[in-house]
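The values are calculated or read from the model by the stated rules, or taken from the named source; none is laboratory data. Only a predicted model underlies this, so the values are computations on that prediction, with no experimental measurement involved. As a convention, Cβ positions derive from the backbone with ideal geometry for all residues, glycine included, and neighbour counts pool all protein chains shown.
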């Protein structure tokens, strides 16, 4: 027997669509070009979370069509978690229901991420541009759903979704990472956020940043085996900006209102209201090629 969604999220999503106000898209007559996907979940998520930007305006005032689309997405999730799980069918169905029931709340959080991107990027011209085109937003959209699945201990399927987002965006966010509201990754290529990292509200990260581990512990009594399940990655506070090429490594605490300058290497705690930067850059020399 296939999966069928029986919850109430479709009504909450309809209410959310109809409550949208500018600068979020509110026009229902635009038909954007199709962008093909190798798997169904990202496309269904984008349609369900921002239908006006993904040529799915039939969802805006049609609860049954929205419910049908939720069933499609739920079927994908159900199939994905079943492949890795020995839990009984009723428990898996309940998990999918609870995941889909979270979509209205996830949508509210993603709208904050869009706002952060618009306010944090001088090149941003519209919310719809961010929703359709910004790799950082595509990565956090998938992450916020994958994180729910990770919290439910469906680690492998959550990681599948995260890896697909990485292949699409060049941004590697482990589904275990905890990320606050108003999150923005600008440009994004080469960003890595590790499993045990936490990020506060209003964080802005630029390309080629790593929130990673400094070293690894070996599992006692087992050769060549690294230990698992311990804190390895940094905790980032609220209102933090991390410049391009920076590495913040190990279980360090980065306080609130901190600025990490480009290409910094941080392995110690940074207190609130602090700027970290490279004080002496290498000198450049020039010579004629003639």
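Brief remarks on what is shown
- Test: residue in region 273-290 that is part of a loop (DSSP other than H, G, I, E, B), modelled with pLDDT of 95 or more, under 25 Å from the mean Cα position of the chain (by Cα) and not assigned by TED's automatic domain parsing to the domain that holds residue 144: no
- Those residues of region 151-174 which are surrounded by fewer than 21 Cβ atoms within 10 Å (Cβ to Cβ) and not in a loop (DSSP other than H, G, I, E, B), in sequence order: 151, 155, 156, 159, 160, 163, 164, 166, 167, 168, 172
- Among residues of region 23-51 that are in the same structural domain as residue 109 (by TED's automatic domain parsing), those with a Cβ under 9 angstrom from a residue that is modelled with pLDDT of 90 or more and exposed (fewer than 13 other Cβ atoms within 10 Å of the Cβ), sequence gap 6+ or separate chain, pair up as 28/61; 38/167.
- Answer residue from region 175-188, given it is without any contact (Cβ under 8 Å) to a residue 40 or more places away in the chain and touching a strand residue (DSSP E or B) at 6+ places or on another chain (Cβ under 7 Å) and is surrounded by the most Cβ atoms within 10 Å (Cβ to Cβ) among those: 179
- Region 175-194: number of residues that are farther than 19 Å from residue 134 by Cα, in contact with a helix residue (DSSP H, G or I) (Cβ under 9 Å, 6 or more places away or on another chain) and not in a strand (DSSP E or B): 3
- Residue in region 65-79 that is in contact with a helix residue (DSSP H, G or I) (Cβ under 8 Å, 6 or more places away or on another chain), assigned to a loop (DSSP other than H, G, I, E, B) and on the phi < 0 side of the Ramachandran plot present: no
- The condition of being closer than 22 Å to residue 180 by Cα and touching a strand residue (DSSP E or B) at 6+ places or on another chain (Cβ under 9 Å) holds for only one of 105, 116, 16, that being 116.
- Checking each residue in region 228-245 for being under 18 Å from residue 208 (Cα atoms) and assigned to a loop (DSSP other than H, G, I, E, B) picks out 233, 234, 240, 243, 244, 245.
- Scanning region 202-227 for residues that are assigned to a loop (DSSP other than H, G, I, E, B) and surrounded by 17 or more Cβ atoms within 10 Å (Cβ to Cβ) gives 202, 203, 206, 207, 208, 209, 213.
- Residue match in region 32-52 (condition: assigned to a loop (DSSP other than H, G, I, E, B) and crowded, with 19+ Cβ neighbours inside 10 Å): yes
- Scanning region 251-263 for residues being in a loop (DSSP other than H, G, I, E, B) and buried (at least 18 other Cβ atoms within 10 Å of the Cβ) gives a total of 2.
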